[in-house]
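The values are calculated or read from the model by the stated rules, or taken from the named source; none is laboratory data. Not measured: the values here are computed from a predicted model. We place every Cβ from the backbone using ideal geometry, glycine too, and count neighbours over all the protein chains shown.
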Amino acid sequence: MDVIFVVEQLLNGLGQGLMLFLLAAGLTLVFGIMDTMNLAHGSLYMAGAYIAARAHQVGGNFVGAVLLAMAATALVAFIVELLVVRRLYRRDHLAQVIATFGLILIADDAVKAIWGPSPILAPTPAALAGPVQLLVELPYPAYRLVLLGVGLLVAVGLYLLVNHTRVGMLVRAGASNRAMAEFMGVRVDRVFSFVFALGAALAALAGALMGPISAVQIGMGEAILIPALVVIVIGGIGSVRGAFVAALLVGLVDTAGRAFLPPVLRAVLPPALAADLGPALAGIAVYALMAAVLIFKPAGLFPARA
């Protein structure tokens, strides 16, 4: 196992973690700040992937396709929030879970009706199809480097928005004491609608960027939702900084386990068994990490301040 392979896999883990952060950040804002459990958040990720893939195929402009996916998904989320989710803010979490699970079923059937049941191809932009020579013996895909850059930029921008802008202050005020914020003239419903649409746009961005390196298919949102929930539990519910750190940890642990465990296991086990057991142990390691964090820091690594 050479150094180049290790560096490459660590970069892959960082990229996976940053894309997971884009999804988990919106989820932790909705759950932690608005106190609303939205299981349909993964469906917004799926919608972003489908819209971007089709728009790129038709128009040939990848950046425009991503922006269109974010705008369209945010608009759909705004309508869903207005018609459904807004009615759940004052309900218990069980009602929220049941209602948003129903939204998952509706979203899957809607995608099947619009784009068909088969997976679709999300092409990689031609300008980013080749490798970049990071080191003498390390050519790395240019597209994955773009994922790293976009993830870092969004993380910095989201942190500044939530913690250092008037909008972020209004969001925190509405979350801390909704009644008092309303007495002070804050339109909390509008603020929460903005947060919900922002979370949807981030989920769509993650789906649009992950489309060229993963399958764009029905159910992809449910598959990514569980790791996103693990991230917000590890990082601390409602904490953007916690979601960022936890997403990187989960991405690195999962990627490192899948890349490094099979070669180690092949030294003591048959190759076929080692190939199956390695990814399984990598998945277990992620949940073991969550369990360890909950034992020593039940509120997460960076719990949001009240």
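Exactly one residue out of Ala65, Ala71 is under 13 Å from Ala208 (Cα atoms) and surrounded by fewer than 17 Cβ atoms within 10 Å (Cβ to Cβ), and it is Ala71.
Glu182 - would you say it is surrounded by 13 or more Cβ atoms within 10 Å (Cβ to Cβ), at pLDDT below 85 and over 30 Å from Leu11 (Cβ atoms)?
Spelling it out, Glu182 is indeed surrounded by 13 or more Cβ atoms within 10 Å (Cβ to Cβ), at pLDDT below 85 and over 30 Å from Leu11 (Cβ atoms).
This table checks each residue for (1) more than 26 Å from Val188 (Cβ to Cβ); (2) of a type outside the set (A, V, I, L, M); (3) in contact with a Cys (Cβ under 8 Å, 6 or more places away or on another chain); (4) part of a helix (DSSP H, G or I).
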{"site": "Leu10", "(1), (2), (3), (4)": "yes, no, no, yes"}
{"site": "Leu20", "(1), (2), (3), (4)": "yes, no, no, yes"}
{"site": "Val30", "(1), (2), (3), (4)": "no, no, no, yes"}
{"site": "Thr36", "(1), (2), (3), (4)": "no, yes, no, no"}
{"site": "Ser43", "(1), (2), (3), (4)": "no, yes, no, yes"}
{"site": "Ala49", "(1), (2), (3), (4)": "yes, no, no, yes"}
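Considering only residues in segment 105-124 that are within 30 Å of Val240 (Cα to Cα) and modelled with pLDDT under 90, the one that is surrounded by the fewest Cβ atoms within 10 Å (Cβ to Cβ) turns out to be Thr124. Being loosely packed, with under 14 Cβ neighbours inside 10 Å, modelled with pLDDT under 90, over 30 Å from Leu10 (Cβ atoms) and of a type in the set (A, V, I, L, M, F, W, C) is a condition met by at least one residue of segment 89-104. Listed here are the helices (runs of 4 or more DSSP H) enclosed by segment 113-184 that have at least 3 residues being in contact with a Pro (Cβ under 9 Å, 6 or more places away or on another chain): 142-164.
The residues on offer are Val195, Val154, Val111, Val191, and the sole one that is closer than 21 Å to Leu75 by Cβ and more than 20 Å from the chain's Cα centre (by Cα) is Val191. Does Ala71 fit the bill of being at pLDDT below 90, part of a helix (DSSP H, G or I) and within 21 Å of Val195 (Cβ to Cβ)? For Ala71, the condition - at pLDDT below 90, part of a helix (DSSP H, G or I) and within 21 Å of Val195 (Cβ to Cβ) - is not met. From the list Gly116, Gly130, the one residue that fits, being without any contact (Cβ under 8 Å) to a residue 24 or more places away in the chain, within 18 Å of Gly15 (Cβ to Cβ) and of a type outside the set (A, V, I, L, M, F, W, C), is Gly130.
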